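Below is one structure, written out as structure tokens; the observations come after it.
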2 protein chains.
Amino acid sequence: MPTSYSISGFPEWSPEQRIIEKKVLEKIEESFRLHGFINIETCSVEAYESLIKKGDGKEIYRLSKEGKGEENLGLHFDLTLPLSRYVLERRGDLLFPFRRYQIQKVWRGERPQNGRYREFYQADIDIVSQGELPRHFEYEVPLAMCDTLKSLAPLGVGSFSMHINNRKLSEGFYRALGIKDVEETLRRIDKLDKLGPERTRGILEEVTGKEESLACLDLAKIREKDGARFEERVREVCDRWNVKGRPEERELMEEGAKDAESVLSALLHAGFEGACIDCSIARGLDYYTGCVYETFLKEDPGLGSVCSGGRYENLIRTQKQSYPGVGMSIGVSRLLSHLFSKAKADRLSPASVLVAVWNEEERWRSDEVARILRSRKIACEVSPTSAKMGSQIKRADKLLIPYVWFPAAQGSEVKDIRTGEQVKADPFSWQPDPKYAADIIVRE
Amino acid sequence: MPTSYSISGFPEWSPEQRIIEKKVLEKIEESFRLHGFINIETCSVEAYESLIKKGDGKEIYRLSKEGKGEENLGLHFDLTLPLSRYVLERRGDLLFPFRRYQIQKVWRGERPQNGRYREFYQADIDIVSQGELPRHFEYEVPLAMCDTLKSLAPLGVGSFSMHINNRKLSEGFYRALGIKDVEETLRRIDKLDKLGPERTRGILEEVTGKEESLACLDLAKIREKDGARFEERVREVCDRWNVKGRPEERELMEEGAKDAESVLSALLHAGFEGACIDCSIARGLDYYTGCVYETFLKEDPGLGSVCSGGRYENLIRTQKQSYPGVGMSIGVSRLLSHLFSKAKADRLSPASVLVAVWNEEERWRSDEVARILRSRKIACEVSPTSAKMGSQIKRADKLLIPYVWFPAAQGSEVKDIRTGEQVKADPFSWQPDPKYAADIIVRE
């Protein structure tokens with residue numbers, strides 16, 4: 001991928017790559033809107049204290065100013081924490097359940113390697129309720145994300161698999177095993193993908209004990225597309241490790257299993273064959289309390305999850321009231337690194353017409369044609385030079401602008417430089433080929 | 001203006017205000033694209049040294065990280081400096097003249113008062129050449145901006161005036177007066193608007209001497225819509241202060257006057273009656289070398305300039321090659337503060353249909369209707385609750401969603417809740433009223 005890193009870790013795209021990025025962002029947004037999500041934008045900064053409370057302090061960019069030193073502000077590292085503040089501040093004005101989407105840059109001061117960026121786009125949807133959050137949202141959000149990723153297929157996002165787990169299942173199982181620090185266990189299970197079973201067992205054992213670490217890994221092995229078979233395998237694992245648990249732990253497990261199954265079945269029903277329950281999905285963040293999701297591209301699983309999230313019960317709350325939610329986030333920049341080598345733009349300028357200029361004295365004539373075309377929403381550029389026609393056409397050619405317009409006092413002509421066809425044309429009525437009329441087309 | 005400043009100086013909008021902001025950004029972008037500008041996005045940071053070289057050090061946010069202290073990075077305070085770096089880095093790949101637009105947030109740590117924001121959107125166009133920059137771009141860029149501001153008329157941007165000056169005119173005049181520090185004189189003349197003539201004369205005198213400060217102010221008084229009259233007034237001022245100058249100074253003045261006039265005449269010719277030459281326009285930035293522009297709303301001149309820029313000869317250069325350009329920038333957030341009280345959105349959700357749910361067991365039926373409508377690009381939301389129909393309709397009502405869909409095994413019906421009309425409807429063929437079919441409409 002031809003990435004420029006003139007500033008280490010802060011990617012910057014060529015104009016052509018930007019066309020692809022923009023198209024991806026537009027498609028994502030269009031899908032979010034079709035699903036009735038409402039847009040908000042939060043400011044780029046948060047109080048530094050709240051950032052370090054939820055995030056990794058070493059990765060957070062704090063702001064400072066000459067003569068004033070450090071400010072109590074840092075750049076946000078995700079869009080969930082800002083959403084949480086936004087909802088609490090405006091809880092008197094928002095209509096709940098609040099369906100919001102948010103597409104913004106976030107910043108993380110990670111070591112810039114393995115395709116990790118320090119500045120990247122996230123595209124989030126969340127549904128936040130006041131009081132109770134109905135369960136159906138736990139499939140509605142991943143379903144919307146499946147639709148969204150599917151809408152990117154023409155740009156080169158091929159098949160993907162969405163992996164579902166439920167924190168209640170893991171938590172019930174861990175508790176029944178007698179594990180005390182459930183959160184830390186989840187955090188370590190989350191490394192399975194990166195470290196492999198052997199090393200994960202090692203770090204698990206420090207928290208859970210030896211036998212329990214093996215049981216945890218055994219549960220994490222379950223990956224099923226069939227609800228009944230999934231339940232069976234959970235029972236097998238419980239039997240194998242003699243996990244009985246108290247009634248409330250069993251209930252927690254059963255609830256978790258049932259919730260994961262109903263998401264699976266909704267996704268399969270909607271035709272997303274890539275859905276599965278995957279008990280290794282833990283998510284590193286400790287605020288998730290129900291279903292959790294990760295999504296992998298079939299063609300490039302090594303890229304990691306491109307769309308993740310989950311349900312959170314207690315992230316957003318006042319002393320009196322909780323605002324449970326469920327949300328997912330597309331890592332747009334990560335997805336892009338997959339798409340740049342596949343998608344192509346059909347032209348490099350929004351202009352579909354280059355209006356030629358015969359000589360500088362008659363430039364007004366070309367300006368006039370451009371003015372009329374633009375008033376009819378046909379994008380165009382007036383040739384920067386009145387040098388010989390060949391060099392004017394060359395510019396159109398290089399920018400892949402399909403038409404060159406030759407103005408004249410009477411009887412303008414327009415040439416399709418791809419076919420060579422040249423016809424008489426009136427700027428008040430001429431129409432470009434529909435495929436060149438609208439916006440730049442991007443395709444795999 | 002109902003602005004939230006939960007973090008001082010960093011504005012954040014309500015969902016409804018965001019609809020307006022988004023529409024403004026979209027309209028601006030559409031206009032930039034109609035004029036054949038190519039989009040780029042640069043990263044949010046620049047090397048700290050280059051930021052403090054060009055900007056006000058006290059206003060620049062520097063980044064730091066826990067355990068690592070200050071980084072050599074700061075947040076950009078405009079989009080011109082990033083453009084300059086971008087062009088130099090990619091000069092081998094870009095096609096010149098490079099017409100680019102860029103719409104991004106910028107950050108300035110000013111005292112948050114007088115409607116000044118610390119984080120705000122700028123929308124820039126620039127045309128950058130390699131070697132020579134033809135003069136016609138000096139009218140093409142402000143003309144594109146006039147078209148752009150005009151396209152915002154339906155949102156409440158009323159008449160505006162674009163004020164043109166030329167640095168060469170001022171510089172020639174100052175030099176002919178014997179003033180040594182031309183840049184500092186320009187910087188101080190730039191305060192005229194804020195300080196008034198008396199106090200400006202005071203600070204000018206420190207740089208220019210007494211008599212000269214009066215002459216500078218006399219020149220700055222010229223504001224003309226008529227090219228011939230403008231020339232006459234410049235001559236009158238020169239005569240009054242006995243400004244003769246050497247041939248190269250006179251030539252500079254004449255060139256500047258001529259360039260300003262040709263921009264004026266292009267804008268007037270295109271129907272922008274608000275165009276004028278205004279010799280008080282100086283622009284605080286020292287890199288401008290030719291025409292400079294500022295734009296004021298007739299209804300709210302106190303807002304200050306909402307769209308400014310100019311021509312720069314030497315901002316972008318290598319040792320061997322210069323890349324002169326001309327650019328202008330819309331201060332979108334400033335414009336918004338004018339529009340929020342005027343523009344209104346016709347609905348508060350992108351959804352034009354709320355699909356009702358009879359009971360949770362039949363939610364799948366509503367999901368199915370939604371799936372079909374979305375596949376036909378009709379945005380919808382499935383009711384979050386299956387509670388009594390009145391409360392479901394109330395949600396549509398509050399979000400100004402025009403239609404409520406009542407699914408049924410046979411014969412769905414859809415109700416226009418504004419008119420009360422209810423008709424049988426098939427999700428595969430039903431069409432909403434065209435005005436509700438597409439995106440949210442925002443109007444004054």
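If only the Cβ of Lys and Arg carry +1 and only the Cβ of Asp and Glu carry -1, the dipole of the range B:278-406 around its Cα centre is close to 220 debye.
Packing order of peptides A:427-436, A:123-132, A:167-176, highest average first: A:167-176, A:123-132, A:427-436 (average count of other Cβ atoms within 10 Å over each peptide's residues). Here the 3J(HN,Hα) profile of the range A:155-162, calculated from phi with Karplus coefficients 6.51, -1.76 and 1.60 at θ = phi - 60°, is 8, x, 7, x, 4, 9, 10, 9 Hz, Gly and Pro shown as x. Database remark: amide H of residue B:379 closer than 5 angstrom to the amide H of B:352 (H placed geometrically; neighbours at sequence offset of 5 or more, or on other chains; Pro and chain starts carry no H). Relative to the longest principal axis of the C-alpha atoms of chain B, give the angle of the C-alpha long axis of helix B:15-34, reported between 0 and 90° and rounded to the nearest 10°. Approximately 60 degrees, to the nearest 10. Rounded to the nearest 10 degrees, the angle from helix B:137-151 to the longest Cα principal axis of chain B is 30 degrees. Bridge orientation summary for chain B: considering DSSP beta bridges with both residues in this region, about 85 percent are antiparallel.
Among chain B residues, the one whose Cβ is nearest the axis of the rotation from B to A, given with its distance rounded to whole Å, is B:64, 3. When the Cα gyration tensor is reduced to axis lengths a ≥ b ≥ c, the ratio a/c is 1.5 or higher for the range B:1-158, and with a/b not above b/c it is classed as oblate.
For the range A:336-391 versus the range A:153-188, the inter-centroid distance based on Cα atoms is 52 Å. Here residue B:398 is the anchor, and the lysines within straight C-alpha reach of less than 22 Å, apart from those fewer than 8 places off in the same chain, are B:22, B:23, B:342, B:344, B:388, B:415, B:435. A simple rule links phi to the HN-Hα coupling: the Karplus curve 6.51 cos²θ - 1.76 cosθ + 1.60 with θ = phi - 60°, which for the range A:369-377 gives 4, 4, 4, 5, 4, 5, 5, 9, 6 Hz, with x for Gly and Pro.
Per residue of peptide B:56-68, the mean number of Cβ atoms on other chains within 10 Å of the residue Cβ is 6. Shown in residue order for the range A:341-358 are the 3J(HN,Hα) couplings computed by the Karplus curve 6.51 cos²θ - 1.76 cosθ + 1.60 at θ = phi - 60°: 7, 10, 7, 9, 8, 7, 8, 9, 10, x, 5, 9, 9, 9, 8, 6, 10, 6 Hz (x for Gly and Pro).
Can you compute the helix-only [θ] at 222 nm over the protein assembly as shown? Use -39500 (n - 2.57) per DSSP H run of at least 4 residues, normalise by all residues, nearest 500 deg cm²/dmol. Provide the component values of the computation, followed by the final result.
Values: 28 runs with 340 residues, N = 888.
-12000 deg cm²/dmol, from helical runs alone.
Each other copy places its own label point for residue B:410 at 6.9 nm from this one, sorted shortest first, where the point lies 7 Å along the Cα-to-beta carbon line. Inter-copy label distances for residue A:360: 7.6 nm (label point placed 7 Å from Cα along Cα→Cβ; shortest first).
Taking amide H as placed 1.01 Å from N in the peptide plane, the amide H of residue A:425 sits under 5 Å from that of A:412, A:413, A:414, each at least 5 places away or on another chain.
In nanometers and ordered shortest first, the copy-to-copy spacing of the residue B:203 label point, defined 7 Å from Cα toward Cβ, is 5.7.
With +1 on each Lys and Arg Cβ and -1 on each Asp and Glu Cβ, and nothing else charged, work out how big the dipole of the protein assembly as shown is about its Cα centre, in Debye to the nearest 20.
On the way: 138 positive and 144 negative charges, 10 e Å.
In debye, rounded to 20, the protein assembly as shown gives about 40.
Averaged over the residues of A:26-35, the number of partner chain Cβ atoms lying within 10 Å of the residue Cβ comes to 4. Think of the range B:350-443 as having a plus end and a minus end, set by charges on the Cβ of Lys, Arg, Asp and Glu; of B:387, B:366, B:420, B:420 sits farthest toward the positive end of this dipole. Between the amide H of residue A:307 and those of A:295, A:331, distances stay under 5 Å, these residues lying 5 or more places away or on another chain, with hydrogens modeled in the peptide plane. For B:328, A:389, the sequence from fewest to most other C-beta atoms within 10 Å is A:389, B:328. Here the range A:1-151 is assigned +1 on the Cβ of each Lys and Arg and -1 on the Cβ of each Asp and Glu. Its dipole about the Cα centre then comes out at about 140 debye. Result for chain A in a Gaussian network model with C-alpha springs under 10 Å: among A:385, A:148, A:295, the largest mean-square fluctuation is at A:385.
FYI, it's all coordinate maths here, none of it is from the lab. On a predicted model such as this, the values are computed, not experimentally measured, just so you know. Reconstructed Cβ throughout: ideal geometry from the backbone, glycine too, with neighbour counts over all protein chains shown.
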